[in-house]
Each structure stands twice: as C-alpha cells, then as structure tokens.
Amino acid sequence: MKIANETKIGILAVVAIAILIIGYNFLKGNDVFSSSQQFYAIYERVDGLTATKPIYVNGFQVGRVSKLELLPSNQIRATLEVNKDIPIPANTVAEIQSTDLLGSKAIYFVLGDSRQMARDGDTLASNVEKSLAESVNPVKDKAVVMLDKIDSILTALNAIMNPQFQENIHQSLVSINNTLRSLESTSKKVDHIVGSGAQRLQNILANVESISKNLRDNNEQITGILANIEKVTDQAAAANLQETLTNANQATEQLAALMEKIQKGEGSLGALLNDDGLYDNLNNSAENLDKLMIDLRENPKRYVRFSLIDFGGN
C-alpha cells in the first residue's frame, strides 16, 4: 500500500505541532506526561500574575497557574495545577510573590505543618506579598523626613559659618584666652600672698592659742573677779538708791512744812493769801495807778510845762 505524499505531510505536521507543544510546556516547566492535582486560591488583587505562571515550593517548581477568573464578589480565583506526587499540607498558604524587579509574579507555596494533606479541589489559604514599591514606601517616607532635617542642619551651618560669625567666634576665643591669662596671673599673686603670709598666719594662730590657754588656765580667777565686780556693783547701786530715797523724803517734809506756814498766814505769801484787807488795798492801789496812767496819756500838759525862749530878740 502506497501512502500518498499529502498524508505523509499531514502526519509530519501533526507530529511537529505535538513536539512543539510538548517542548513549549517542557521549557516552561510543565510536565505534560504526569497527572496533576488541582487546587484553588482566592485573592483580592493579582497584579502581575497571569495564567501559566509557575508555582514554587522552596524555589522548586511544582506546578503552574492554569486559569484566573473574576468572581461575583470582585475577588479573583486562581486555579492551581500541582504535580500529584507533591504532598501539600492542608494549612499551606499560596502566596503571590515578585520574581524580579520588573514586577513579574509567581505563586509560592508556604507549606504548613498540618499532618492532614490537602485534597484535589480544596481551596488553599492565600496571601499577597507587598510589592517592592510598597515595601520601599515607609523607607522613602523616613528618608524624606531625614533629608528635610539634614537640609535644616545644613542651612543652620551655612548661617553659622558666615564671615561675621567667624569673626565673632575669633574675638570670643581671644577674650577667653585673655581671661585665662588674667586668671592665671591672679592665681600666682594669690599663691604668693598666701605663701608670704603663711608664717604671719601661723604666728597669729599661735598667739590665739596662747591666749585661749591662759584664759582656760585662769578660768577660776576670772570667775571670782567677775563675781566680786558684780557684788561691788550691787552694793553701789543699793547705796545710791538709799541716798535718793532719803533726799526725796526730806524734800517732801520741807514742802509740807512750807504749805503749813502758808495756811497759817506766816510770811508775805501767807499774809497775802489769808488777809482780805491787804488784798483789797493792793487791788485799789492797782486801780488808781491805772487811772493815773490813762490821765497822763490823755492830758500830758497837766504834768509837764515848757518854757519857750526867743533867741532872736535883744
């Protein structure tokens, strides 16, 4: 039986296409000759994840994403095909992670520690790793704050390092240096004064100690002298007080005797106070004298005469 050339060409084309499909899947890491188990994972976002993306366990590819579909809840369900020979614990997490800096995504299985294995058709727990930009954002914010602070510090340093400020610092340092020199000179003078007066101070302290010793040794005698002085002072004060009281008594007795004589009419003052006739005569004499003085003031011609002499005639 002779096969036509067209049939040979068709068979060759089918084989080539099959080899192409098998090679393509092989290059992508898919084992087309082995059976697989199917799992699901639901995500809020799947940025960068597409169908045919690989699934890894500790960096080893164990499957691929076969399909992505949007659910009525606006969540995305990914269908995961995993080699049937790979045991997957029931608490495994299917996490979307970045595979490069260009934003390519893949699913990494974070295997759990459960002894129960996930079954074909189970929905695994899911998670989405933060992108590089999202991870860098907090660092970027901190860097911006730090740059602002550095800018403020540089601005302050620029203001501080102007020529006028430098000149002021130079003058301040010169003044501090002069002050330290003056302080050093003063310290030397004080040291000299203290050194020269040390002997004198020792002599003074020795004299003070000698005086204190004499006072301590003669304490009983000094106490006796002070007691005698106090006794003599008390006696003198008592004698002066006694003399004063005696003089006061004598003055009181003399005043009483004088008042008694006045009441009896003795002496001029007593006669004046006790003799009514003498009092009336003195009163009349004073009245007459007053009238005479009035008349003398009003009629002086009665008492004084003048003689007029004409010095112009012969």
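For segment 61-104, filtering for residues that are under 22 Å from K130 (Cα atoms), surrounded by 11 or more Cβ atoms within 10 Å (Cβ to Cβ) and either in contact with a Cys (Cβ under 9 Å, 6 or more places away or on another chain) or among the hydrophobic types (A, V, I, L, M, F, W, C) (or both) leaves 8.
Whether a residue is outside the structural domain of S98 (by TED's automatic domain parsing) and modelled with pLDDT under 80 was assessed, and L173 does not pass this test. The residues in segment 187-211 that are modelled with pLDDT under 75 and of a type in the set (G, A, S) can be counted, and the count is 4. Taking every residue in segment 38-53 that is touching a residue at least 24 places away in the same chain (Cβ under 8 Å) and more than 15 Å from S98 (Cα to Cα) and pairing it with any residue that is of a type in the set (S, T, Y) and in a loop (DSSP other than H, G, I, E, B), at least 6 positions away or on another chain, the pairs with Cβ-Cβ distances below 9 Å are F39/T92; I42/S73.
From the list E134, E184, the lone residue that is modelled with pLDDT under 75 and either more than 33 Å from the chain's Cα centre (by Cα) or within 30 Å of I107 (Cα to Cα) (or both) is E134.
The values are calculated or read from the model by the stated rules, or taken from the named source; none is laboratory data. Only a predicted model underlies this, so the values are computations on that prediction, with no experimental measurement involved. Reconstructed Cβ throughout: ideal geometry from the backbone, glycine too, with neighbour counts over all protein chains shown.
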